[in-house]
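S.K.: Take a look at the following structure, please.
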Amino acid sequence: MGEARINGKPVSLAAAAERAAEILSQARMPVIAGLGTDAAGARASILLAEKLRGAYDHMHSTRIFADLDVMRQAGLMVTTPNEARLRADVFLFIGKDLTKDWPAMMERLSPAKIPPFDLVHEPRKLLWIAPGRGGAKGEGLVETLDSSDLHATLASLRARAAGRAVNCAKGTLRKLDEFAGVLKNARFGVAVWGGDGLDSLSIEMLHGLIRDLNKTTRFSGLPLGAGANASGVVQTSGWMTGFPVRTSFGRGFPEHDTWRFDATRMIESGEADTALWISAYGPEAPPWRKNIPLVALASPQTVFAWEPQVCVEIGCPGIDHDGAEFARETGSIVGSLASHRSQAPSVADVVSQISKHLGETPKC
Amino acid sequence: MLIHLKGGHIVDPVNGRDETGDLWIENDRIVAAPPGKLADEVHDVSGKTVMAGAIDIHSHIAGGNVNCARLLLPEKHQNWLPNPVALPFSTAKWSTFETGTIYASMGFTTVIEPAIVPHQALQAHLELSDIPIIDKGMLTVLGNDDFLLSLLRDGEGPAAVADYVASAVAASNGLGVKCINAGGATAFKYNARTFSLDDVVPFYDLTSRQIVEALQRAVEDLKIPHPLHLHANNLGIPGNVATALATIEAARGERLHFAHLQFYSYGAEGGHGFSSAAAELAAAVNAAPNVTIDVGQVMFRQTVTVSADVLRQFNGSEMASPKKSVIHDGDGDGGGIVPYFYRENDFANAVQWACGLELFMLIDDPWRIFFTTDHPNGAPFTTYPEIFALIMSRDARAEATARLPQEAVAMTTLPSIAREYNLNEIAIMTRAAPAKLLGLKDRGHLGEGGLADIAVYSPGKDLAKMFRFAHLVFKDGDLVVRDGRGTHYRWGNALKVNPGYDKAIDRRLAGYYDHHFGNSRDLFTVKEHLLPRADAFREVACAR
Ligand SMILES: [Zn+2]
């Protein structure tokens, strides 16, 4: 457990940390990528990025910014899994990956149960747009609407809910109107979305639909977000720097830009010349296709395209050690206690050790 | 370490000092002049003003809603200044690090985040942990949570309510209890669009008034030093002074802290249907010695409103500037983040600005009025120095008032007010009284044995400058600010209470969480070892 290697050869953790510090300090522009870690790991990594004047990014940024860009453009209306579970009289599921993304979703939201906080005691109405294969099976009566273009479908649905005309086949129109009717008659409806199929344009359209529905009734959203504590890392980055991930300290203060500080782009373009890859939740390997000096804090059994110069096997928050992380189950940062406590070091431990070799700094 | 502050103007209302004199610090405490001992460090502070460190009782500096506001508005806090090496992140605008550094540089040494729901408490404490230099604390928000409303609906009585409140405060490590538009967030989930003191929360058959009374009583029964901190109904609505007056009345002579009163001081007179009723409201506060208030002063600039009053924020989101907002139907209370620009030439904004100043000027007792902007709702806390100037100088007010639409000024009594706060009153309002209100016996004064939280200012004609750049600031006896600039970080505590209660309620809550939410209540408990530093907390005794 918790092995460390330099160029593939086993070494002590201390030696690995020292060598990692050396490699990172020699970089012209280091980037911390992956960032699959708990709040303490994210915090330590962002402190390190500041010290190195590097940039940092998360492995799931594409999904993070699908939602976050909509929020920053137009806003959002959202609720929690608890409220959805206890109150929603209508669920509008969108996308084919929901249960793949969050296997416990149906158990958690229990759509087949009557919502105890609803004033009317009756089964929920369940709608699913673009369920794909299997998504909508076995959970009460689900009305489905197939879609090959989610943005177009959501635009049409929004138009019909607002009583505007749309140009489409009769059968589709009937279905759209049926859906629109259910949404407008919801008492507290919840739209659940996630997965790779939804881009910012579609989410913004959905947000528009939710805002429209709230003119007369209550409706909110439940974005499933991304894994590897993406939301927790974004929150930590938010309070530490004011910005989410894809932020750089190159000029001595945090600057945020989703294009400029995309880790993979920086590496492949040559702007970043050294990487620290962090993945504590699973054996994810760096996605870039360029062999640059690499320090990896990774789950055991990670398969790398190139052996990292330094690799430290780290524990998983909530399994090997306690950690604060964003839980999809609650929609908030919670304490996750170790289920199988082990000696494997945490990301925060290792990053702090690396950081100690980079000279005296103010205690943070 | 023995430090001698020599020959300053000591302003310490608790000990009746308003005179030239000395102050001695040994380690983290203020001590009597030690006969025959030489100080390790002497600061000649002749001509300077020496006060205890200031305490802000209501400033939204942490938690999910505040952080959401940061993420919502990246374009409003672009950076340009590298930080000093000793103060990492301190120039990162709106970061926790900047928050602590700026507060300290203004002479503030304790700041309370007033609105954290139990399910967001861990994140809030993680954020508070990253606010350097100052001590912090947070109030636990209750009053829209199903467990409480169900207890009340089922008539379970004050003991059960007190046990639950105590358990929620303990699990979230709060310093007190806040209630935000009691029942309003829940009513909004049932599609209510307005909600007042005697409106009934659907599903629970309870009025807002009943919820407030129950929480007020629980706080008293638990001997929590800080009285119930209330964000009342109908915030920001023309004519809402009626609600404010009724709410003061509803306190029935019991202790109540009425938050950001400015936002409730509106009449509906005049051509715009919007006027100041601050004078009438101030009179009601003066006549109710059980009530304390903080102002929630508005200042003219871009800001963002961050509030768990989700009903109000939803209604206000039409006015968002820039045009985007986040509305969050949370567990119990939720939140709304709505950016807003207060404009000097806007009739309503001008009336709001004047209302706040009228409250400052017309509420007589500086022990019962607290200095806030409801940061960032009325204005960012960085405007405090300008507000000190406005309340200490009639001329400064006249000058600022002259720039406003005069039809707005005519709807207020501001031009007729001559009062000017003196330093002693400032020290009461921002030091002595907040310490008393929160039960913090170790601060807010300069007496022997007190914490050496000390702010030294350079008085001058420019009052705003005096309060923006403290000459020296000591936190726990450590010199952390020189000439308005932080010198280094130290890490303060989060202050909390730990009221005693019958632990049977915890077992009941565990069952409730398992059954209702389908997850463990323990997930939400703030455990000290999950925070970045040991000794994160300092307990404040529950006794009155
Ligand atoms: Zn507030």
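The values are calculated or read from the model by the stated rules, or taken from the named source; none is laboratory data. Note that the structure is predicted; figures quoted are calculated from it, not measured. Please note: Cβ atoms are built from the backbone with ideal geometry, for glycine as well, and neighbour counts cover all protein chains shown. Only protein heavy atoms, including side chains, enter the accessible area calculation; ligands, DNA and RNA are left aside. Shrake-Rupley method; radii C 1.70, N 1.55, O 1.52, S 1.80 Å.
S.K.: Quick check: at a probe of 1.4 Å, how many percent of the accessible area of segment B:277-370 sits on carbon and sulfur atoms? Let's see the in-between values first.
M.R.: Working: 1340 of 2480 Å².
With neighbouring chains kept in place, the figure for segment B:277-370 is 54 percent.
S.K.: Could you report the buried accessible area between B and A, both sides summed, computed with a 1.4 Å probe and given in Å² to the nearest 100? If you can, show how the numbers build up before the last one.
M.R.: On the way: alone 19780 and 16800 Å², together 31350 Å².
Counting both chains, the buried surface is close to 5200 Å².
S.K.: If you roll a 1.4 Å probe over segment A:195-298 with all protein chains in place, what percent of the accessible area is carbon or sulfur? List each step's numbers first, then the result.
M.R.: Numbers: 1550 of 3130 Å².
In segment A:195-298, the share of accessible area belonging to carbon and sulfur is 50 percent.
S.K.: Let me ask something additional. What is the distance, in nm, between label points placed 7 Å from the Cα along the Cα-to-Cβ direction at B:Asp395 and at B:Asp205?
M.R.: Those two pseudo-labels are separated by 6.5 nm.
S.K.: Give me the aspartates and glutamates in straight-line cross-link reach of A:Lys100: C-alpha distance below 12 Å, same-chain residues under 8 apart excluded.
M.R.: Qualifying aspartates and glutamates at Cα under 12 Å: A:Asp196.
S.K.: Which residues of segment A:318-334 show a drop of at least 20 Å² in accessible area when all protein chains are present, compared with their chain alone (probe radius 1.4 Å, heavy atoms only, ligands and nucleic acids excluded)?
M.R.: A:Asp322, A:Ala324, A:Thr330, A:Ser332, A:Ile333, A:Val334
S.K.: Past the 30 Å Cα-Cα mark, which pairs from A:Lys125/A:Lys215; A:Lys125/A:Lys170; B:Lys48/B:Lys178; B:Lys6/B:Lys465; A:Lys363/B:Lys178?
M.R.: Checking Cα-Cα distances, B:Lys48/B:Lys178; A:Lys363/B:Lys178 exceed 30 Å.
S.K.: Still on this structure, I have one more. DSSP loop trypsin sites (Lys or Arg not before Pro) in segment A:155-195 with at most 13 other Cβ atoms within 10 Å of their Cβ, which ones?
M.R.: On the way: sites: A:Arg158, A:Arg160, A:Arg164, A:Lys170, A:Arg174, A:Lys175, A:Lys184, A:Arg187; in loops: A:Arg164, A:Arg187.
Sites meeting the loop and neighbour criteria: A:Arg164.
S.K.: May I pose another question? So if R0 is 22 Å, what FRET efficiency would B:Glu41 and B:Lys461 give, r being the distance between their Cβ atoms, rounded to the nearest 0.05? The partial results should precede the final answer.
M.R.: On the way: r = 30 Å, r/R0 = 1.37.
With a Förster radius of 22 Å, E is 0.15.
S.K.: Rounded to whole Å and sorted largest first, list the principal axis extents of the Cα atoms in chain A.
M.R.: 67, 41, 36
S.K.: Then there's this: Taking every residue in B:78-89, how many Cβ atoms of other protein chains lie within 10 Å of its Cβ, on average?
M.R.: Partner-chain Cβ atoms within 10 Å, mean over residues of B:78-89: 5.
S.K.: Across peptide A:70-76, how many C-beta atoms of other chains are within 10 Å of each residue C-beta, on average?
M.R.: Working: counts 1, 7, 7, 3, 3, 13, 8.
Per-residue shielding by partner chains comes out at 6.
S.K.: Heavy-atom accessible surface, probe 1.4 Å, ligands and DNA/RNA ignored: which residues of segment B:489-530 lose at least 50 Å² versus the isolated chain?
M.R.: Going by heavy-atom accessible area, the residues of segment B:489-530 that drop by at least 50 Å² are B:His516, B:Phe517, B:Leu523, B:Leu530.
S.K.: With label points built 7 Å along Cα→Cβ from the Cα atoms of B:Asp22 and B:Ala504, find their separation and express it in nm.
M.R.: Using points 7 Å along Cα→Cβ, the separation is 6.0 nm.
S.K.: Next question, about the same structure. Using only alpha carbon pairs under 8 Å that are at least six residues apart, calculate the relative contact order of chain B and give it in whole percent.
M.R.: Numbers: 1294 pairs, mean separation 114.1, N = 544.
RCO, chain B: 21 percent.
S.K.: What FRET efficiency comes out for B:Ala418 versus B:Lys223 if R0 is 35 angstrom and r is the Cβ-Cβ distance? Round to the nearest 0.05.
M.R.: Numbers: r = 41 Å, r/R0 = 1.18.
After rounding to 0.05, the efficiency reads 0.25.
S.K.: So what's the back-of-envelope 222 nm ellipticity for the protein assembly as shown, counting only DSSP H runs of four-plus at -39500 (n - 2.57) apiece and dividing by all residues, rounded to 500?
M.R.: Numbers: 30 runs with 287 residues, N = 908.
Rounded to the nearest 500, it is -9000 deg cm²/dmol.
S.K.: Between helix A:61-73 and chain A, what is the angle of the helix's C-alpha long axis to the longest principal axis, kept within 0 to 90° and rounded to the nearest 10?
M.R.: 60
S.K.: Compute the label zone of B:Arg153 within segment B:502-522: residues whose backbone N is under 20 Å from the point 7 Å along Cα-to-Cβ.
M.R.: Within reach of a label on B:Arg153: B:508-519.
S.K.: Follow-up. Given the peptides A:104-115, B:442-453, arrange them by the average over their residues of other C-beta atoms within 10 Å, most packed first. Could the numbers behind the result be given before it?
M.R.: Values: A:104-115: 17.8, B:442-453: 22.2.
Highest-to-lowest ranking by the protection proxy: B:442-453, A:104-115.
S.K.: Here's something else I'd like to know. Please work out the Cα center distance from segment A:292-364 to segment B:141-165, rounded to the nearest Å.
M.R.: 41
S.K.: Counting only the backbone N, which residues of segment B:472-491 are under 17 Å from the spot 7 Å out from the Cα of B:Ala534 toward its beta-carbon?
M.R.: Correct set: B:491.
S.K.: Rank-order B:124-133, B:265-274 by packing density, defined as the average count of other C-beta atoms within 10 Å over each peptide's residues, highest first.
M.R.: Details: B:124-133: 27.5, B:265-274: 18.0.
Ranking the peptides B:124-133, B:265-274 by packing returns B:124-133, B:265-274.
S.K.: Please state, to two decimals, what the Cα-based radius of gyration of the protein assembly as shown comes to when divided by 2.2 N^0.38 Å (N = residues).
M.R.: Details: Rg = 27.7 Å, N = 908, 2.2 N^0.38 = 29.3 Å.
Expressed relative to 2.2 N^0.38 Å, the Cα Rg reads 0.95.
S.K.: Just the accessible area per residue of the protein assembly as shown, please: how many Å² with a 1.4 Å probe?
M.R.: Details: 31350 Å² over 908 residues.
For the protein assembly as shown, the per-residue accessible area is 35 Å².
S.K.: Rg/Rh for segment B:66-179 to two decimals, with Rh computed the Kirkwood way over all alpha-carbon pairs. Don't skip to the end; give the middle numbers.
M.R.: Numbers: Rg = 17.8 Å, Rh = 16.1 Å.
We get a ratio of 1.11 for segment B:66-179.
S.K.: Looking at chain A, identify the longest residue range that excludes and avoids all chymotrypsin sites (Phe, Trp or Tyr not before Pro) in DSSP loops having at most 16 other Cβ atoms within 10 Å.
M.R.: Answer - A:1-258.
S.K.: Would you please put B:367-374, A:269-276 in order of how densely packed they are, using the mean number of other Cβ atoms within 10 angstrom per residue and starting with the highest? Present the calculation step by step, with values, prior to reporting the outcome.
M.R.: Working: B:367-374: 24.9, A:269-276: 19.8.
Per-residue Cβ counts within 10 Å, averaged per peptide and sorted highest first, yield B:367-374, A:269-276.
S.K.: Can you give me the three principal axis dimensions of chain B from its C-alpha atoms, in Å, biggest first?
M.R.: Principal extents (largest minus smallest coordinate, Cα): 69, 57, 47 Å.
S.K.: Next question, about the same structure. What are the ³J(HN,Hα) couplings of segment B:44-55, residue after residue, when phi is run through the Karplus curve with 6.51, -1.76, 1.60 and θ = phi - 60°? Round to Hz, x for glycine and proline.
M.R.: With coefficients 6.51, -1.76 and 1.60, one gets 7, 10, 5, x, 9, 9, 10, 10, 5, x, 7, 10 Hz.
S.K.: Using alpha-carbon positions, what is the distance between the centroids of segment B:412-439 and segment B:88-138, in Å?
M.R.: What the calculation gives is 24 Å, centre to centre.
S.K.: When the C-alpha atoms of segment A:65-223 are aligned to their principal axes, what extent does each axis show, in angstrom, from largest down?
M.R.: Extents along the principal axes: 38, 32, 32 Å.
S.K.: What FRET efficiency would be calculated for the residue pair B:Glu448, B:His488, taking the C-beta separation as r and a Förster radius of 25 Å, to the nearest 0.05? Each step should come with its number before you reach the end.
M.R.: Details: r = 27 Å, r/R0 = 1.08.
The value I calculate is 0.40.
S.K.: Calculate one ³J(HN,Hα) per residue across segment B:465-477 by plugging θ = phi - 60° into the Karplus curve 6.51 cos²θ - 1.76 cosθ + 1.60, and present them in order as whole Hz with x for glycine and proline.
M.R.: 5, 3, 8, 7, 10, 4, 5, 9, 9, 10, 10, 6, x
S.K.: Something else about it: Points 7 angstrom from Cα along the Cβ direction at B:Leu81 and A:Glu360: gap in nanometres?
M.R.: 2.6
S.K.: Please sort by residue number the GluC sites (Glu not before Pro) in segment B:302-402 whose DSSP state is loop and whose Cβ has at most 16 other Cβ atoms within 10 Å. Write down the numbers at each step before the final one.
M.R.: Working: sites: B:Glu318, B:Glu344, B:Glu358, B:Glu386, B:Glu399; in loops: B:Glu344.
The qualifying sites are B:Glu344.
S.K.: Further question on the same structure: Please give every one of the aspartates and glutamates within straight-line cross-link reach of B:Lys93, meaning a C-alpha to C-alpha distance under 19 Å, and leave out same-chain neighbours fewer than 8 residues apart.
M.R.: Filter leaves A:Glu50, A:Glu255, A:Asp257, B:Glu75, B:Glu113, B:Glu127, B:Asp130, B:Asp374.
S.K.: Still on this model: Sort out for me the Cα centre separation of segment A:72-96 from segment B:263-298, rounded to whole Å.
M.R.: Spelled out, the Cα-based centre of one part sits 38 Å from the other.
S.K.: Something else: Just in segment B:1-108: which trypsin sites (Lys or Arg not before Pro) are loop by DSSP and have at most 13 other Cβ atoms within 10 Å? Display every interim value, and only then the final one.
M.R.: Values: sites: B:Lys6, B:Arg17, B:Arg29, B:Lys37, B:Lys48, B:Arg70, B:Lys76, B:Lys93; in loops: B:Lys37, B:Lys48, B:Lys93.
Answer by residue number: B:Lys37.
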